[in-house]
Amino acid sequence: MTDPDGSPDDRRDPGSSHEADCVPVPSAFEGRATPTDDDRDEFAVNWPAAWARAGDALEWERDYDAVLSTGDDGGPPFEWFAGGELNACANCVDRHLPERADAVALEWNGHIGESRTYTYRDLHREVNAVAAGLRDLGVDADDVVTTYLPAVPAVAVVMLACARLGAVHNVVFAGFSADALATRMERAGSRYLVTSDGYYRRGEAVDQRRRADNATMSLPYELDATVVVDRLGTNPDVSRDDRHAYDALVDAYDGERVAPVPRAATDPLFRIYTSGTTGEPKSVTHTTGGYLAQVAWSTRRVLDVTADAVVWSTADPGWITGHSYGVYGPLALGATTVLTEWSPDAVDPDRPWALVEDLGVEVLYTAPTVVRSFAKWGAEHPAGHDLSSLRVLGSVGEPFDAETWEWYYEHVGGGDCPVVDTWWQTETGAVLLSTLPGVDEARPGAVGGALAGVGASVRDASGEPTDPGQRGWLTIDRPWPAMARELATATDWGARVAAESGVGRDGDWWYRVGDEAFVDADGYVTVLGRADDVVNVDGRRFSTGEIEHALVEVAGVAEAAVIARDDPDSGNALVAYVTTADERTDVSTLREALGDAVAAAIGAGVRLDQVVFTPDLPKTRSGKIMRRLLEDIANGEGYGDTSALRNPEVVGELEARHQD
Ligand code: PRX
């Protein structure tokens, strides 16, 4: 790992990683695949105009004037499908009614075994009722509606109802703390909240209402309305005028119709917060036209989803994957999406496979950390079920090692489902790098190349493309329709060379994504991981700065540095190095307080795997903490020259304390 403005770390030798064999398109899949590679030919000669292939798959209220418009110098601001008007909800729901009203849109499976099926007709009905209810509560176009809900159908319904009204949804993961919710609401200026009385986590009921109340009480303004879903059957108190029960709202407005509000292609569809390098949650805004077009396009091309497919994207709706491939992509195509309230790696090992069998899941999209849990539980679990409905297996979120890839391919896919390792980010909105099922051979351990219409390179610190096998920064070289608005409109890109996101220079535009990677001679990219202060743990993204911030707020703590250590199960485990203000501090009490502080600031799901108390942190002469050295110590690796340290004596001390 490196400083964001430094050059990629050249100590690890990519050539020493596995050299996995290529896996050709499974023969059983030949002829069943719907994607083709003629997009590549078309884009090669006709970029960006060929993106009309994605745009034209949507239904527009008003045709767009141009596929892509740019600033005068060909750089930002980028506008996709400018002049066009559409409604995302109409595209995901209404347009399927004539042909597919009785087809299943959403299959929900609850934590304690409940299930609920929504046809497109049912979804249309509930979305309209909620849209009518929200409208009467005052929600207007461009207002921000926050949800703080477990993975229940209401999340998808509220998202679509907002889209219908032209309001902007802001889905906050239910496991986040009250503080995290409050920050995400306040920064978005959100005056509406949809939450629940509680939810189930690993079999236990969790009180969500109190957290939501604590968050809203800490806001510097009053909310206009709060809607509460009764998830635990507690019949939550909504006696205040600004409180409303979700079910009562649906009943009261049942049968009402709300005309979908036409939105400009470049209007925001939603906001989502993710971790940036600054330690503050980073707001990402996705647009109505470009986002929806590329998400639908990639759901079709990369996950091979057609109108009658059953798709299970296991990510919680609180993350971008849940938005793009759990809600918008499958529904834009008229497919069936499966929403589970449970995480497939936190339940009875047979439950995921029983669900695949029962629902006839065709496309399973999950994260390497989940597959590693499956592998640990053993192949007998998938083997005990009829998984013949599966056609395509996908992965996202972190580097997918070849061994786990093979296990997924063999034991879940039975050797005849293509496995696509898809690379993308919250900021990119849609998959940008992947192989295509049925078209490309796979190289376990590598994600594949840029999709048709997308440009990607690996570059060195000076911006030059690296040679095959040489590590560098992964960059996206051309704008793409689902790019976050913050990237599309960042006209100060020249000034952002050293910043975490947009990077450009002298007429070129590219986006340095924050990952280190190398590319092989055939253009397959291997992503090595984040090269900035963002870490992926269990497929979730955190900023080490955000965690450090929570730690130094604890009384008695002087300084803290958080790094990610390699972990065979979760990919990364968090290690905190902490110095105390007073050497005599009782560290056992402090250890507990640190865990609590992180849970309060970010969420109960964030766990420090190890806390190492140390009299000092390794620092450069300019006073910067050497996180790279801490990583090496935590991983038990050699760390070479420490002469750049102001305090080299700390290294031996740290090694000794690490053993404690
Ligand atoms: O480091 C990369 C990793 O996840 C980061 C993006 O995280 P987030 O915005 O939370 O979105 C995750 C779901 C889209 C990337 O910068 N990442 C994502 N996909 C892969 C990956 N790392 C390796 N291989 C992937 N396929």
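Annotations for the structure displayed:
- Index of the failed condition, PRO260 passing every other in (1) touching a residue at least 60 places away in the same chain (Cβ under 8 Å); (2) open to solvent by 30 Å² or more (accessible area, probe 1.4 Å); (3) outside any strand (DSSP E or B); (4) out of contact with any helix residue (DSSP H, G or I) (no Cβ under 6 Å at 6 or more places or on another chain): (4)
- Qualifying residue in the stretch 437-447 (condition: among the basic types (Lys, Arg), open to solvent by 20 Å² or more (accessible area, probe 1.4 Å) and outside any helix (DSSP H, G or I)): yes
- Filter result (in a helix (DSSP H, G or I) and touching a Ser or Thr at 6+ places or on another chain (Cβ under 6 Å)) within the stretch 280-295: VAL295
- Scanning the stretch 306-316 for residues that are open to solvent by less than 10 Å² (accessible area, probe 1.4 Å) and within 25 Å of ARG372 (Cβ to Cβ) yields VAL311, TRP312, SER313.
- Residues in the stretch 438-472 that are within 16 Å of the ligand (Cβ to nearest atom) and among the aliphatic types (A, V, I, L, M): ALA442, ALA446, VAL447, ALA450, LEU451, VAL454, ALA456, VAL458.
- The stretch 602-629: number of residues that are open to solvent by less than 30 Å² (accessible area, probe 1.4 Å), part of a helix (DSSP H, G or I) and within 20 Å of ARG541 (Cα to Cα): 0
- Whichever residue in the stretch 324-369 is surrounded by 24 or more Cβ atoms within 10 Å (Cβ to Cβ) and of a type in the set (Gly, Ala, Ser) and, among such residues, is nearest to the chain's Cα centre (by Cα): SER324
- Flag for PRO344 being under 20 Å from TRP377 (Cβ atoms) and either in a helix (DSSP H, G or I) or touching a residue at least 60 places away in the same chain (Cβ under 8 Å) (or both): no
- Of the residues making up the stretch 370-405, those that are away from the ligand (no atom under 16 Å from the Cβ), open to solvent by 40 Å² or more (accessible area, probe 1.4 Å) and touching a residue at least 24 places away in the same chain (Cβ under 8 Å) are LYS376, TRP377, ALA383, GLY384, HIS385, ASP386, SER388.
- Screening ASP566, ASP515, ASP596 for residues that are within 16 Å of the ligand (Cβ to nearest atom), at pLDDT 80 or above, open to solvent by 50 Å² or more (accessible area, probe 1.4 Å) and charged (D, E, K, R) leaves exactly one candidate, ASP566.
- Scanning the stretch 307-326 for residues that are in a loop (DSSP other than H, G, I, E, B) and more than 11 Å from the ligand (Cβ to nearest atom) gives ALA307, ASP308, ALA309, THR314, ASP316, PRO317.
- Filtered residues of the stretch 460-484 (kept if more than 22 Å from GLU398 (Cβ to Cβ) and assigned to a strand (DSSP E or B)): PRO465
- Of all residues assigned to the stretch 201-210, none qualifies as being assigned to a helix (DSSP H, G or I), of a type in the set (A, V, I, L, M, F, W, C), open to solvent by 20 Å² or more (accessible area, probe 1.4 Å) and closer than 23 Å to VAL598 by Cα.
- Looking only at the stretch 415-430, and only at residues there that are buried (at least 21 other Cβ atoms within 10 Å of the Cβ) and over 25 Å from HIS286 (Cβ atoms), the one that is nearest to the ligand (Cβ to nearest atom): VAL419
- Among the residues of the stretch 174-199, the ones that are over 19 Å from GLY138 (Cβ atoms) and open to solvent by 40 Å² or more (accessible area, probe 1.4 Å) come to 3 in all.
- GLU362 fulfils the conditions (1) away from the ligand (no atom under 16 Å from the Cβ); (2) in contact (Cβ under 8 Å) with a residue 60 or more places away in the chain except for a single criterion, (2).
- Here LEU433 clears all of (1) open to solvent by 20 Å² or more (accessible area, probe 1.4 Å); (2) under 28 Å from GLY289 (Cα atoms); (3) near the ligand (Cβ under 10 Å from one of its atoms) except the condition numbered (1).
- Long-range neighbours under 8 Å by Cβ, at least six apart or interchain, first residue under 15 Å from ALA531 (Cα atoms) within the stretch 456-485, second in a loop (DSSP other than H, G, I, E, B) and open to solvent by less than 10 Å² (accessible area, probe 1.4 Å): ARG471/ASP9; TRP473/ALA531
The values are calculated or read from the model by the stated rules, or taken from the named source; none is laboratory data. Fair warning: this is a prediction, and the values are worked out from it, not measured in the lab. For neighbour counting, all protein chains shown are included, and Cβ atoms are generated from backbone atoms with ideal geometry for every residue, glycine included. With ligands, DNA and RNA removed, areas are computed over all heavy atoms of the protein, side chains included. Shrake-Rupley method; radii C 1.70, N 1.55, O 1.52, S 1.80 Å.
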